[in-house]
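A.B. asks: Structure below; questions to follow.
The values are calculated or read from the model by the stated rules, or taken from the named source; none is laboratory data. This structure is a prediction, so every number in the text was calculated from the model and none was measured. Using ideal geometry, Cβ is built from the backbone for each residue, glycine included, and neighbour counts are taken over all protein chains shown.
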Amino acid sequence: MTDKAARGERKRTSLYNRLSVLRAERGVSRAELAAAVGVNPQTIGFLERGDYGPSAELALKICEFFELPFEAVFSLRPFTPMSRQLYRPVDPGGQ
């Protein structure tokens, strides 16, 4: 048993996601998403925190639920915050 496992710490997944943003944007609770994709609501919380990496099947069910392609929901690199994507600073020299 590793030291982390002995202390009860979870291994963080290297798969990032936008689940909490998508749920908030669409007014979907963890319980509603969980029921739609066939998992426990606690699993959705683990996914959102990065404490659990979904199976390919679960990831695809989630993408299907939100009607979005995989790369819009999951990524191997952290997502750029939406506010930075939508409101980029104006380049004063590029007017």
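A.B. asks: Considering every residue within the range 81-92, establish whether at least one is over 14 Å from THR13 (Cβ atoms) and aromatic (Phe, Trp, Tyr).
C.D. replies: For the range 81-92, residues over 14 Å from THR13 (Cβ atoms) and aromatic (Phe, Trp, Tyr): present.
A.B. asks: If the requirement is being modelled with pLDDT of 95 or more and surrounded by 14 or more Cβ atoms within 10 Å (Cβ to Cβ), which of these qualifies: SER20, SER55?
C.D. replies: Result: SER20 is the single residue among SER20, SER55 that is modelled with pLDDT of 95 or more and surrounded by 14 or more Cβ atoms within 10 Å (Cβ to Cβ).
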